[in-house]
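Novice: Here it is, the structure in full.
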């Protein structure tokens with residue numbers, strides 16, 4: 001399996017689909033099963049977001065703060081397609097239609113990432129972070145003022161088509177593609193740009209090209225995650241894609257260890273479950289949550305799960 005990670009991918013997808021097929025039985029057998037099932041789907045969506053951003057921030061060494069904007073593009077486009085044409089699709093073909101809607105949403109998000117990346121990725125560090133943050137807010141405001149996408153009210157009545165199998169299956173695909181890309185001969189260019197952009201350029205590597213490629217791929221998977229999110233929650237609001245959402249995704253990447261795929265996955269799981277575990281102290285939940293993150297960052301500034309060699313994880 002270590003020699004052929006495709007086997008891991010196939011086994012993972014089969015397991016997730018099988019579990020999804022028996023979701024009703026599992027939900028009915030567990031007290032509050034639908035609540036825990038929803039959290040499991042949220043975890044899968046956040047894994048896709050964190051791993052895709054890790055390609056940009058961790059492996060390529062950029063600092064993007066606009067990931068929620070690409071998630072919004074994918075979510076709104078996929079949800080609008082479902083609202084416009086989903087009712088006319090037979091129930092047996094709904095999963096295929098959902099997959100097509102996710103791909104279209106991801107494609108539009110990737111095109112948006114290209115439009116944002118070409119002018120902004122010539123910048124570095126804090127300047128790039130500010131520009132991507134600005135672009136993310138521009139995207140959010142566009143949806144907030146567009147009547148076609150529901151303006152400030154957003155989109156409601158979105159069919160809940162997202163399942164555990166779809167979410168975790170696509171999360172497995174995301175991890176597989178990003179890991180294989182980074183470990184490929186071409187993908188070593190991402191790491192070269194991360195380590196020393198000037199030296200990489202001197203060796204014939206075009207840093208802007210690699211940064212834009214990482215940005216487009218990351219935006220595509222963020223759009224996929226947005227589409228899953230829309231069809232999981234049933235509603236979309238522009239306020240759910242503000243800069244705070246982007247920072248939440250960045251925190252997952254930093255906490256897991258920049259460029260560490262396994263660590264980022266574990267951080268996404270922990271930071272999704274932790275707020276739910278603190279619901280018993282709802283009045284102080286976000287304060288405790290914030291203090292825990294600050295404490296972890298002070299104790300492990302290099303990342304909580306920094307093990308193995310960067311770029312060598314699947």
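Novice: For the structure I just gave you, tell me whether residue 281 is within 26 Å of residue 219 (Cβ to Cβ), modelled with pLDDT under 90 and exposed (fewer than 13 other Cβ atoms within 10 Å of the Cβ).
Specialist: On the way: within 26 Å of residue 219 (Cβ to Cβ): no; modelled with pLDDT under 90: yes; exposed (fewer than 13 other Cβ atoms within 10 Å of the Cβ): yes.
No; evaluated as a whole, the condition is false for this residue.
Novice: A further question follows. Would you confirm, using the coordinates I've provided, whether residue 296 is surrounded by 15 or more Cβ atoms within 10 Å (Cβ to Cβ), modelled with pLDDT of 70 or more and not in a loop (DSSP other than H, G, I, E, B)?
Specialist: So residue 296 passes the test.
Novice: So which pairs qualify, if the first residue must be in region 166-188 and closer than 12 Å to residue 214 by Cα, the second must be assigned to a loop (DSSP other than H, G, I, E, B), the Cβ gap must be under 6 Å, and the two must be at least 6 apart or on different chains?
Specialist: 181/187; 182/311
Novice: Is it the case that residue 40 is in a helix (DSSP H, G or I) and free of Cβ contacts under 8 Å to residues at least 60 places away in the same chain? Full working, then the answer.
Specialist: Details: in a helix (DSSP H, G or I): yes; free of Cβ contacts under 8 Å to residues at least 60 places away in the same chain: no.
When the stated conditions are applied, residue 40 does not pass them.
Novice: I need the full set of residues from region 115-129 which are part of a helix (DSSP H, G or I) and either free of Cβ contacts under 8 Å to residues at least 24 places away in the same chain or surrounded by 15 or more Cβ atoms within 10 Å (Cβ to Cβ) (or both), in order please. Talk me through it step by step, then tell me what you get.
Specialist: Going through region 115-129, the residues part of a helix (DSSP H, G or I) turn out to be 115-120, 125-129.
Those that are part of a helix (DSSP H, G or I) and either free of Cβ contacts under 8 Å to residues at least 24 places away in the same chain or surrounded by 15 or more Cβ atoms within 10 Å (Cβ to Cβ) (or both): 115, 116, 117, 119, 120, 127, 128, 129.
Novice: State yes or no: is residue 92 in a helix (DSSP H, G or I) and touching a residue at least 60 places away in the same chain (Cβ under 8 Å)? Steps first, answer last, please.
Specialist: Numbers: in a helix (DSSP H, G or I): yes; touching a residue at least 60 places away in the same chain (Cβ under 8 Å): no.
Here the answer is no, as residue 92 does not meet what is asked.
Novice: A follow-up question, please. Any residue that is more than 24 Å from residue 20 (Cα to Cα), touching a strand residue (DSSP E or B) at 6+ places or on another chain (Cβ under 8 Å) and in a helix (DSSP H, G or I) - is there at least one of those in region 133-156?
Specialist: Within region 133-156, one or more residues are more than 24 Å from residue 20 (Cα to Cα), touching a strand residue (DSSP E or B) at 6+ places or on another chain (Cβ under 8 Å) and in a helix (DSSP H, G or I).
Novice: Taking residue 259 as meeting all but one of (1) surrounded by 22 or more Cβ atoms within 10 Å (Cβ to Cβ); (2) on the phi < 0 side of the Ramachandran plot; (3) in a loop (DSSP other than H, G, I, E, B), write down the number of the exception.
Specialist: (2)
The values are calculated or read from the model by the stated rules, or taken from the named source; none is laboratory data. Predicted, not measured: the structure shown is a model, and the values here were computed from it. Don't worry about glycine lacking a Cβ; one is built from the backbone with ideal geometry, like all the others, and counts go over all protein chains shown.
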